[in-house]
Structures are given as structure tokens and as C-alpha cells.
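A.B. asks: Handing you this structure, nothing more for now.
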Amino acid sequence: MIASFTETIRKRVESIETMPAIPAVFLPLLKLLSSTAKEARLDEVVRLVSYDNTIAAQCLRVSGSPLFGLAQPPKSIKAAVISLGLRRVETILLTCCLGQAFPAKKWVLDPVVFWRHSLGCAMVCRKFSEKLAAVDTEKAYMAGLLHDIGFMVNCLVFSSEFGPAMERACQGESPLDEAERAIMGFTHCETGQALAHRWKLADDVIEVIAHHHAIEQSQKAQPLVALVHLSDLLCRMRGLGYGYYERHKVDLIADPAWAILAKEYRDLEGMDLVRFTFELDEAVEEIHTLVSTVFGSAPTRI
């Protein structure tokens with residue numbers, strides 16, 4: 001990426017931080033939930049959630065939805081956290097915070113479609129990491145959830161450039177990152193990396209955001225990048241893409257990312273990929289319901 005693009009991205013990403021719509025609790029909450037489960041203290045999560053009335057109310061509304069099957073809706077934030085567990089609370093809070101920070105009218109890409117893909121990728125990353133016992137499942141989940149945050153940057157501060165790229169991808173049924181590169185000269189990977197640096201996310205998560213479409217460029221966390229890359233492809237194969245059909249032939253086992261993981265984790269050799277992909281379908285409905293509940297509407301194309 002040439003210097004002029006880098007400087008433009010940096011300046012526009014800095015403008016995002018000055019927007020009053022970003023909840024004050026978001027960054028400390030993200031840092032807390034990025035830590036391991038043992039380090040994440042229940043009372044601290046409750047305190048941060050309760051600090052913002054809008055987010056607290058939305059968290060209670062979502063946790064009380066039929067999706068989670070609780071006998072009765074939680075009456076307090078603490079009850080919601082205990083009932084749902086930190087992982088589900090993490091997902092609800094991040095979608096609530098970012099949904100509030102990036103309102104739907106600002107999006108070129110449908111936010112419901114975006115979150116379905118992000119949550120789908122997080123779920124697949126977690127399932128993949130469970131198959132490979134040596135992988136940190138929480139780190140994999142977080143990396144999958146945040147891998148495409150550059151799309152939020154593109155929608156918010158590069159909308160005039162991103163709109164034609166989105167149109168090109170839809171018309172050509174091509175991968176969105178290829179259309180971005182052709183029209184904009186850079187992709188959501190670069191803009192996401194810039195935002196992740198500003199938010200001081202973990203180095204390995206930044207590597208995922210920056211290189212999940214170019215694994216060979218990753219120097220610090222290639223196995224995690226490869227895991228997210230494959231999970232991203234799986235989601236797009238199973239109808240959890242970006243709201244349009246991609247005419248893109250995918251062979252996961254022939255993908256370089258598969259070789260990287262196979263070299264790192266021997267458990268991958270015995271994995272039944274066909275069975276694994278069908279297992280994913282069981283959780284798709286939960287993802288659809290959760291995202292529709294958070295945003296309070298059915299998916300529409302903007």
C-alpha cells in the first residue's frame with residue numbers, strides 16, 4: 001500500500017474516535033473480554049455494562065429473548081451475565097456497542113449481513129479451535145468476531161469509495177476484497193488494521209485483521225490467521241457471506257491455510273471436513289436470530 005493511502009486511512013480512522021456515538025465503555029470492555037476467562041471478573045463486566053444505560057437496556061432485552069431459552073428474563077445485568085456466560089455476553093455487548101457506534105444509515109454493506117458473517121466466523125473459529133486442542137478457543141473466537149472490522153471503517157469514512165466496490169463485487173459475483181483492491185486501491189484489511197492499532201487490540205488479533213486474505217504476509221501469528229481465513233471461507237460457502245452470491249471456487253484442503261494448520265496441528269489430519277461443515281448448519285439459525293434481535297429488524301439490503 002503506497003504512502004498516500006496509508007496517510008489517508010490513518011487520518012480518517014482518527015476521525016472515527018472523535019465521534020460521540022462510540023460508547024465510552026467499549027474499549028475497556030473489549031480489553032477485559034479479550035483476556036482469558038479466568039482474568040475476566042464478573043463484577044467488572046457488570047460494572048462496565050451498567051455504566052451505559054442504552055447498552056445495559058439492550059443487553060437485557062437481548063438476553064431475555066426466546067433465543068436463549070431462559071425460564072424468565074433476567075432482571076439485572078448481573079443476572080444476565082451469570083445466566084448467559086461471558087462468551088455470549090461478549091458477543092451481545094460487542095454487537096450492541098458497535099451497532100450503536102456505527103448506525104445502519106451509515107452502512108453501505110447491510111449491518112445485519114455483516115454481523116451474521118462476523119458471528120458465523122467467530123463460531124466456526126471456536127469449533128475449529130476445539131478440534132485442534134492446542135488453540136486458544138477464546139482468542140480464536142475474538143479473532144473471528146473482529147476480523148472484518150475494516151468494513152465498518154469503509155462504510156463510515158470511505159463510503160463514497162466503498163459503494164462502487166460493493167456494486168462491482170455484487171455485479172461480478174466476485175470476492176469483496178478483490179473489488180475493493182480494484183476500485184479503492186486498498187481493502188478492509190488495511191483500514192481494519194489501522195483501527196485495530198488505534199484501539200490497541202492484541203498483536204495476534206491485529207495480524208488476523210490485516211492478513212486474513214493474504215496469509216503469506218503474516219509474520220507473527222500465521223496459524224491463527226490461517227484458522228480465521230478458512231473459517232471465513234467456510235462461512236461464505238454456507239450462505240453466511242456478504243449478502244450476494246460469490247462465484248468463487250473453494251477447495252479448503254488445497255488452500256495454503258490448510259497446509260499451515262496441518263503442519264502446526266496433527267489433529268487436523270483426522271478431521272472429517274464434510275461432517276464438520278454440516279455441523280455448522282445447526283448453529284446458523286441461532287446466529288440469524290441473535291443478529292436480528294440485536295438490531296431489532298429483519299435483514300434488508302441498504
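The values are calculated or read from the model by the stated rules, or taken from the named source; none is laboratory data. Being a predicted model, the structure only gives us computed values, none of them experimental. Neighbour counts run over all protein chains shown; Cβ positions are idealised from the backbone, glycine included. Keep in mind that these areas ignore ligands, DNA and RNA; they rest on the heavy atoms of the full protein, side chains included. Shrake-Rupley method; radii C 1.70, N 1.55, O 1.52, S 1.80 Å.
A.B. asks: How about segment 200-239: which of its residues are of a type in the set (Asp, Glu), open to solvent by less than 30 Å² (accessible area, probe 1.4 Å) and closer than 25 Å to Glu14 by Cβ?
C.D. replies: Taking segment 200-239 first, the residues of a type in the set (Asp, Glu) are 203-204, 207, 216, 232.
When the remaining residues are screened for being open to solvent by less than 30 Å² (accessible area, probe 1.4 Å), the result is 207, 232.
Scanning segment 200-239 gives a single hit, Glu207.
A.B. asks: Name the pairs: first residue in segment 69-84 and assigned to a loop (DSSP other than H, G, I, E, B), second residue at pLDDT 80 or above, Cβ to Cβ under 7 Å, at least 6 apart or on different chains?
C.D. replies: Correct list of pairs: Pro74/Leu60; Pro74/Ala80.
A.B. asks: Something else now. Which residues, taken from segment 249-276, are more than 19 Å from Ser118 (Cβ to Cβ) and either of a type in the set (Ser, Thr, Tyr) or touching a residue at least 40 places away in the same chain (Cβ under 8 Å) (or both)?
C.D. replies: Pro256, Ile260, Leu261, Glu264, Tyr265, Asp267, Leu268, Met271, Phe276
A.B. asks: Just give me the residues in segment 183-206 being among the acidic types (Asp, Glu) and either at pLDDT 95 or above or out of contact with any Leu (no Cβ under 7 Å at 6 or more places or on another chain) (or both), in sequence order.
C.D. replies: Result: Glu190, Asp203.
A.B. asks: Report yes if some residue within segment 56-75 is open to solvent by less than 20 Å² (accessible area, probe 1.4 Å), over 21 Å from Val291 (Cα atoms) and of a type in the set (A, V, I, L, M, F, W, C); otherwise report no.
C.D. replies: No, that holds for no residue.
A.B. asks: Of everything in segment 76-93 that's farther than 26 Å from Val284 by Cβ and of a type in the set (A, V, I, L, M), which residue is least open to solvent (accessible area, probe 1.4 Å)?
C.D. replies: Per the criteria, the residue is Ile77.
A.B. asks: Could you tell me whether any residue of segment 72-84 is over 26 Å from Ala194 (Cα atoms), of a type in the set (Ser, Thr, Tyr) and in contact with a helix residue (DSSP H, G or I) (Cβ under 9 Å, 6 or more places away or on another chain)?
C.D. replies: Yes, that holds for at least one residue.
A.B. asks: In segment 144-180, what residues are open to solvent by 30 Å² or more (accessible area, probe 1.4 Å), closer than 23 Å to Ser15 by Cβ and either without any contact (Cβ under 8 Å) to a residue 40 or more places away in the chain or not in a helix (DSSP H, G or I) (or both)?
C.D. replies: Ser160, Glu161, Pro164 - these are the residues of segment 144-180 that are open to solvent by 30 Å² or more (accessible area, probe 1.4 Å), closer than 23 Å to Ser15 by Cβ and either without any contact (Cβ under 8 Å) to a residue 40 or more places away in the chain or not in a helix (DSSP H, G or I) (or both).
A.B. asks: Could you grab me the full set of residues in segment 126-143 that are under 17 Å from Leu233 (Cβ atoms) and open to solvent by less than 10 Å² (accessible area, probe 1.4 Å)?
C.D. replies: Across segment 126-143, the qualifying residues are Phe128, Ser129, Leu132, Ala140, Ala143.
A.B. asks: Got at least one residue in segment 6-19 being at pLDDT below 80, assigned to a helix (DSSP H, G or I), among the aliphatic types (A, V, I, L, M) and under 28 Å from Val157 (Cα atoms)?
C.D. replies: Yes, the conditions are met somewhere in segment 6-19.
A.B. asks: Go through segment 186-209 and count every residue that is touching a Gly at 6+ places or on another chain (Cβ under 7 Å) and either of a type in the set (Gly, Ala, Ser) or under 16 Å from Cys125 (Cβ atoms) (or both).
C.D. replies: Number satisfying all stated conditions: 2.
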